[in-house]
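The values are calculated or read from the model by the stated rules, or taken from the named source; none is laboratory data. All of these numbers come straight from a predicted model, not from anything done at the bench. In this analysis, Cβ positions are derived from the backbone assuming ideal geometry, glycine residues included, and neighbour counts consider all displayed protein chains.
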Amino acid sequence: STPAAVTSALARATKIGLLVKGGAALELIGAVRTMAFDKTGTLTEGKPKLAAIKTADGYGENGVLTIAAALETVTSHPLARAVVAAAQSRNLDLPVIEDARTIAGAGVEGRIDGTLYRVGAAKRLDVTPDGKTAKWLSDQEEDGSTAVIVLKNDQIIGALALRDTARGDAKSALAELNSLNITPVMLTGDANRVGKRMAADLGIDYRAELLPEDKLNVLAELRDDPKRSGPVAMVGDGINDAPALKSADVGIAIGGGTDIALEAADAVAVRDRLGDVVNLVKLSRAARRVIR
Ligand code: ADP
Ligand code: MG
């Protein structure tokens, strides 16, 4: 049966918007030594904005944006929303897309009047940009923006920089976890330069350019790391990261917006604050001290 200290900790957690799926999960959270965080929507606000457009000769900004936005209407990826929103704010009319499909962790492709167009990460689309474009992309990434290219067949017709900002409480929450002897690690599918920049700003370890399945492998690696020897938690917003939330020893969803997150996670921080993940650890540790 569940110890009284755990039962009362569960009740207290619920009162402050921390829904934990049972006493065993609550106890485990206090033992966590490594906490992996999804980048987009978890450490960042998850609402990127279009920050810059680069065009190839013969194309205008609106032409490139129109094609990119038409492609992006087929997905609700945060980057896609940013591109579509930018096109809407410029009142662009979007053409009809045929045969559209998302390429997981890479971008979107589809046809307009029979011609194949793609938008996404150059590396993932197996495209090597020319020197000038490569320089523009790496400058944007150095600056912390996600840079994607727009292709007509295999030709680059433009590129977009999308900027997401770190959550205001990210740095302090991560510092607090460190002081609780928990190592936070950021996991992202974004480019290494972008991951590196954000990780440096937040003072956290990071792993970048991860495909969705790579994230599961990294979680397993962290769990097997003899230096840490303890359960590994995954913190995510439930968008794209449900498999990782499930596969970690403890999955913590933040925001609780999606049913998928509620289903995949062991705990949900309903108030959508990173500081609540810290509160959850503290509550669990307090309960463990009473029963051990
Ligand atoms: P994250 O780990 O931040 O959730 P994803 O795995 O979803 O990232 O995507 C990895 C990278 O693939 C993005 O940084 C971007 O370069 C590219 N990408 C993915 N989806 C899209 C999209 N809909 N439009 C443009 N680029 C995309
Ligand atoms: Mg996310």
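A few remarks follow.
- The listed residue being more than 30 Å from G168 (Cα to Cα), more than 16 Å from ligand 2 (Cβ to nearest atom) and modelled with pLDDT under 95, out of D93, D126: D126
- Checking each residue of region 169-182 against the condition of being within 16 Å of ligand 1 (Cβ to nearest atom) and in a strand (DSSP E or B) gives no match.
- Number of positions in region 224-242 that are away from ligand 2 (no atom under 12 Å from the Cβ) and free of Cβ contacts under 8 Å to residues at least 40 places away in the same chain: 3
- Of the residues in region 153-161, at least one is crowded, with 17+ Cβ neighbours inside 10 Å, of a type in the set (V, I, T), at pLDDT 95 or above and in contact with a helix residue (DSSP H, G or I) (Cβ under 8 Å, 6 or more places away or on another chain).
- Count of residues meeting criterion [assigned to a helix (DSSP H, G or I) and either in contact (Cβ under 8 Å) with a residue 12 or more places away in the chain or charged (D, E, K, R) (or both)] in region 12-57: 14
- Among residues of region 26-43, those that are of a type in the set (S, T, N, Q), touching a Lys or Arg at 6+ places or on another chain (Cβ under 9 Å) and within 16 Å of ligand 1 (Cβ to nearest atom), counted: 1
- Across region 61-73, not a single residue is classified as touching a strand residue (DSSP E or B) at 6+ places or on another chain (Cβ under 6 Å), within 21 Å of N240 (Cα to Cα) and within 16 Å of ligand 2 (Cβ to nearest atom).
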